[in-house]
Amino acid sequence: MPDVSSLRAALLDWYDAHARSLPWRAPPGSGTRTEPYRVWLSEVMLQQTTVPHATPYFERFTTRWPTVSDLAAVEDADLMAAWAGLGYYARARNLLACARAVARDHGGVFPDTETALLALPGVGAYTAAAVTAIAFDRPANVVDGNVERVMSRLFAVETPLPVARPELKRLAALFVSDDRPGDWPQALMDLGSGVCRPKSPSCELCPLAFGCEGLKTGTPARYPLKTKKAERPHRLGHAFVLRDAQGRIGLVRRPDKGLLGGMVGLPTSDWSSTPAFDAPAAADWTEAGGVEHVFTHFSLTLTVHVGRGDGDFLWTPADDALASLPTVFRKALERGLAV
């Protein structure tokens, strides 16, 4: 087994020299803690989202709502509009529920233990551990996909994901220590994102190469092994771009539950293998082509139809709609406006 203490020291030394500068992060080794609200917000945004994509959203959110109590007071619709483009919209609903719980039940101050954080709405094991370690500088086992990849290569774990997750979490726990507990998970994340990448890892730059069992095999990129995924199903649907006499776009609010719940979007048919042409209003509909989008559990082709009419819709200027719609609807609107 690799020597844990030597590996830990080597990675922290590397992190001191190579840490990314991020708006939610204190400099390594500074002893400065990042405000829990900023850590929590960044971790929620970064779930299923890259740092370059999440950063402008984080900066807009913290400028508009600088404290968790400010965020807790926002209207649901305003929050969902601000979140548009980040995807996985259940996160936005959980974000608001958690902010309101912190404001209501904790006086606007995040609890400082992993157990108490786990009791907040929408806060899972990973986020609770990350806030505990990074914001409160307490030892916690913070395990995301980057950490799983590093551990699987470091120890040459032959068990495939997702079955290997408990084993990888146990191996990651070997490195948890009272020594710089907030810097440690961030160092692992930086290593996983910049050096120990999913494809073409830069082993020649890795501070842990001297103890990496995966590298010794000669094929470190083979790890982590993965169970073959089932083929993603494909669905079809119709999207309707309805414009009124002023050129505004007719939008609707989706039901609170379900995919894109609570979001404003274009009217659509059902999404299935044989969707019905269920137009939202009487109009001389013209087909404008199709757009493709991939969700976590299925891919989607939307046939876009454009028309002019009126009715009980959320009439929105086209530029405002383009700026606030979720990605799948923005694609469809762009296609419709191009006709």
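Restricting the stretch 249-272 to residues that are open to solvent by 40 Å² or more (accessible area, probe 1.4 Å) and part of a strand (DSSP E or B) leaves a set whose member that is nearest to ALA77 (Cα to Cα) is ARG253.
For every residue, the table says whether it meets (1) in a helix (DSSP H, G or I); (2) touching a His at 6+ places or on another chain (Cβ under 7 Å); (3) without any contact (Cβ under 8 Å) to a residue 12 or more places away in the chain.
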| position | (1), (2), (3) |
| --- | --- |
| ALA140 | no, no, no |
| VAL143 | no, no, no |
| ALA156 | no, no, no |
| PRO166 | yes, no, yes |
| LEU171 | yes, no, no |
| PHE175 | no, no, no |
| MET189 | yes, no, no |
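Does ARG33 satisfy the criteria of being basic (Lys, Arg) and over 15 Å from the mean Cα position of the chain (by Cα)? Taking the combined requirement at face value, the residue satisfies it. When residues in the stretch 273-317 are screened for being small (Gly, Ala, Ser) and open to solvent by less than 30 Å² (accessible area, probe 1.4 Å), 6 of them pass.
Contact map, the stretch 67-87: residues that are more than 9 Å from ALA99 (Cβ to Cβ) and open to solvent by 50 Å² or more (accessible area, probe 1.4 Å) paired with residues that are in a loop (DSSP other than H, G, I, E, B) and at pLDDT 95 or above, Cβ distance under 9 Å, separation 6+ or inter-chain. Pairs shown: THR67/GLY108. Within the stretch 90-104, at least one residue is at pLDDT 95 or above, of a type in the set (D, E, K, R) and part of a helix (DSSP H, G or I). For the stretch 298-338, a tally of residues being outside any strand (DSSP E or B), among the small types (Gly, Ala, Ser) and over 26 Å from LEU79 (Cβ atoms) returns 4.
Within the stretch 1-15, can you find the residues that are at pLDDT 95 or above and either part of a loop (DSSP other than H, G, I, E, B) or not small (Gly, Ala, Ser) (or both)?
LEU7, ARG8, LEU11, LEU12, ASP13, TRP14, TYR15
Scanning the stretch 221-248 for residues that are open to solvent by 30 Å² or more (accessible area, probe 1.4 Å) and of a type in the set (A, V, I, L, M) yields a total of 5.
Taking the conditions exactly as written (open to solvent by less than 20 Å² (accessible area, probe 1.4 Å), in a loop (DSSP other than H, G, I, E, B), at pLDDT 95 or above and under 28 Å from PRO198 (Cβ atoms)), does VAL131 satisfy them or not? It is false that VAL131 is open to solvent by less than 20 Å² (accessible area, probe 1.4 Å), in a loop (DSSP other than H, G, I, E, B), at pLDDT 95 or above and under 28 Å from PRO198 (Cβ atoms). Would you mind stating whether THR50 is in contact with a helix residue (DSSP H, G or I) (Cβ under 7 Å, 6 or more places away or on another chain), over 13 Å from ILE134 (Cβ atoms) and without any contact (Cβ under 8 Å) to a residue 40 or more places away in the chain? No.
The values are calculated or read from the model by the stated rules, or taken from the named source; none is laboratory data. This structure is a prediction, so every number in the text was calculated from the model and none was measured. Cβ sites come from the backbone with ideal geometry, for glycine too, and all protein chains shown count toward neighbours. Accessible surface is based on the protein model in full, side chains and every heavy atom, while ligands, DNA and RNA are left aside. Shrake-Rupley method; radii C 1.70, N 1.55, O 1.52, S 1.80 Å.
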